[in-house]
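Step one of this worksheet: look at the structure below.
Just so it is clear, none of the values below were taken in a lab; they were calculated from the coordinates. In this text, all values refer to a predicted model and were calculated from it rather than measured experimentally. Glycine gets a Cβ as well: all are built from the backbone with ideal geometry, and neighbour counts include every protein chain shown.
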């Protein structure tokens with residue numbers, strides 16, 4: 001867990017003991033790293049689009065009608081494509097108030113239950129996201145602006161990102177179940 005700025009390379013968790021889970025985790029990590037690079041580029045492009053919009057409106061009195069959707073669509077992609085990467089590093093916000101108070105085995109059960117519940121919630125969210133994507137694709141849904149880009153674009157990024165997040169949580173849960181127990185540490 002990080003509590004400040006880290007300038008060194010980001011290290012992920014140790015590879016799972018199970019070979020199949022380790023291979024799937026490594027593959028998903030490569031996909032996540034690629035999407036992380038795309039997300040960084042999209043975030044810079046979003047800043048440039050919004051800056052262009054402000055400059056063109058203020059200095060040239062030429063408002064743009066496409067920048068809102070373009071920016072929101074890119075931010076949707078950045079948000080959902082980053083979730084699995086953040087989960088891989090266990091970087092999501094968690095409340096650990098009782099973790100230090102629980103015995104080691106009880107805490108392990110607590111973490112397992114949290115992972116299973118998270119996987120189930122994300123699987124439901126993934127299913128609903130793919131449903132939204134399908135409806136937008138089939139019905140040809142667009143935004144209500146004059147630019148009117150198709151809604152399947154942000155829905156597809158949301159669905160793909162949630163799919164990757166769900167896979168990441170499932171792989172981490174499988175790793176927790178299949179890994180050899182760590183030796184007890186003396187107090």
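Given the rule -39500 (n - 2.57) for each run of at least 4 DSSP H residues, summed and divided by the residues of the chain, what is its mean residue ellipticity at 222 nm, to the nearest 500 deg cm²/dmol?
-24500 deg cm²/dmol
Could you state the angle between the C-alpha long axis of helix 152-178 and the longest principal axis of the C-alpha atoms of the chain, as a value from 0 to 90 degrees rounded to the nearest 10?
The helix 152-178 is inclined about 10 degrees to the chain.
Compute the angle between helix 67-88 and the longest alpha-carbon principal axis of the chain, please, reported from 0 to 90 degrees and rounded to the nearest 10.
10
Going highest first, how would you order 39-45, 156-162, 56-62, 75-81 by mean Cβ packing within 10 Å?
156-162, 75-81, 39-45, 56-62
Provide Rg and Dmax in Å for the chain, with only Cα atoms included in the calculation.
20.6, 70
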